[in-house]
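Note sheet for the following structure.
The values are calculated or read from the model by the stated rules, or taken from the named source; none is laboratory data. Everything quoted here is computed from the prediction, not taken from an experiment. So basically every Cβ, Gly included, is an ideal-geometry build from the backbone, and we count neighbours across all protein chains shown.
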Amino acid sequence: MLVTVLGFYGGYPYKGIGTSGYLLQDDGKNLLIDCGSGVLNALASYMQPTDLDEVVLSHYHHDHTADVGVLQYNWLAAKKESPLPIYGHTQDFVNFAQLTVENATKGIAYNDYEPTMIGNLKFEFLKTVHPVPAYAIRVTNQEGKVLVYTADTTYFDGLVDFAKDCDLLIADTNFPEDVTGRKAHLNTKEAGTLAKKANVKRLMISHLPQTVDVETMLKQSQKYASDVPVIHAFKGLEVEL
Ligand SMILES: [Zn+2]
Ligand SMILES: [Zn+2]
């Protein structure tokens, strides 16, 4: 399983780098997890967006879905034989309905009580704690390699079990450690602590802020992750699991 970071900023794009989007390639298939602002442009450096096999969306905040509309136009213009499946939750019917555009894309529902097989990949979902319904994603391939993506969330204990022993944890690390209290995202302390408690093999901090130096974010996360190696997302970063 190969994971490529297409965009990693929280909230809004900055200086040519987009918000959340991760290309996941496994067994000849190309999947996109989240489709934020700038992601379609970044994707085109690797492949034609019309060669995607599926898209999976964690939630419907704009920094995770901003490029869905233009991806739909891309598919519409290409006149493909069958529509692009876009997986989303149905806790928000208005946004879910917009995943389907005739002759372009088709919305498919996932839920958090049973796994969804997408090709040979097993997708499991866990509802997070966020101002709108959002789902963390656990992907297992046929060789048993596991990717876990927290999506957007504040810290809660259920994340530990969900991320347990995974090969790579991509964590929403939107804040430095001195941002505490009620918030919609993890800070560096929480991301690092989660990685350690869940015994993950590697932590990638992502959904990073534009306003804090990335080395500071990395250093803080590493302190709490202890012996778990921590890397920070950057555009074009590739991780093989
Ligand atoms: Zn976000
Ligand atoms: Zn969000």
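Table: residues versus (1) of a type in the set (S, T, N, Q); (2) within 16 Å of ligand 1 (Cβ to nearest atom); (3) modelled with pLDDT under 95.
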position: H89; (1), (2), (3): no, yes, no
position: V101; (1), (2), (3): no, no, no
position: G107; (1), (2), (3): no, no, no
position: N111; (1), (2), (3): yes, no, no
position: P133; (1), (2), (3): no, yes, no
position: I137; (1), (2), (3): no, yes, no
position: E143; (1), (2), (3): no, no, no
position: F156; (1), (2), (3): no, no, no
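Being within 17 Å of the chain's Cα centre (by Cα) and of a type in the set (S, T, N, Q) narrows it down to one residue among T105, T100, T140; which is it? Walk me through it before giving the result.
Details: T105 fails: within 17 Å of the chain's Cα centre (by Cα); T100 fails: within 17 Å of the chain's Cα centre (by Cα).
After ruling out the rest, the residue left standing is T140.
Under 20 Å from K106 (Cβ atoms), within 14 Å of the chain's Cα centre (by Cα), within 16 Å of ligand 1 (Cβ to nearest atom) and part of a strand (DSSP E or B): is that true of L32 in this structure? Break it down stepwise before answering.
Details: under 20 Å from K106 (Cβ atoms): yes; within 14 Å of the chain's Cα centre (by Cα): yes; within 16 Å of ligand 1 (Cβ to nearest atom): yes; part of a strand (DSSP E or B): yes.
Yes: the conditions hold for L32.
If I filter segment 47-76 down to residues being within 16 Å of ligand 1 (Cβ to nearest atom) and of a type in the set (D, E), which single residue comes out as farthest from D92 (Cα to Cα)?
D67
Output the qualifying pairs, or none if there are none: Cβ atoms under 9 angstrom, residues six or more apart or on different chains, first residue in segment 183-209 and in contact (Cβ under 8 Å) with a residue 60 or more places away in the chain and within 18 Å of V239 (Cβ to Cβ), second residue charged (D, E, K, R) and surrounded by fewer than 24 Cβ atoms within 10 Å (Cβ to Cβ).
H207/D63
Does segment 66-75 contain any residue that is out of contact with any Ser or Thr (no Cβ under 7 Å at 6 or more places or on another chain), crowded, with 20+ Cβ neighbours inside 10 Å and either modelled with pLDDT of 95 or more or under 19 Å from Y149 (Cα atoms) (or both)?
Initial filter on segment 66-75 (out of contact with any Ser or Thr (no Cβ under 7 Å at 6 or more places or on another chain)): 68-71, 73.
Filter once more, keeping what is crowded, with 20+ Cβ neighbours inside 10 Å: 68, 71.
Subsequent filtering for residues that are either modelled with pLDDT of 95 or more or under 19 Å from Y149 (Cα atoms) (or both) retains 68, 71.
Yes: segment 66-75 contains one or more residues that are out of contact with any Ser or Thr (no Cβ under 7 Å at 6 or more places or on another chain), crowded, with 20+ Cβ neighbours inside 10 Å and either modelled with pLDDT of 95 or more or under 19 Å from Y149 (Cα atoms) (or both).
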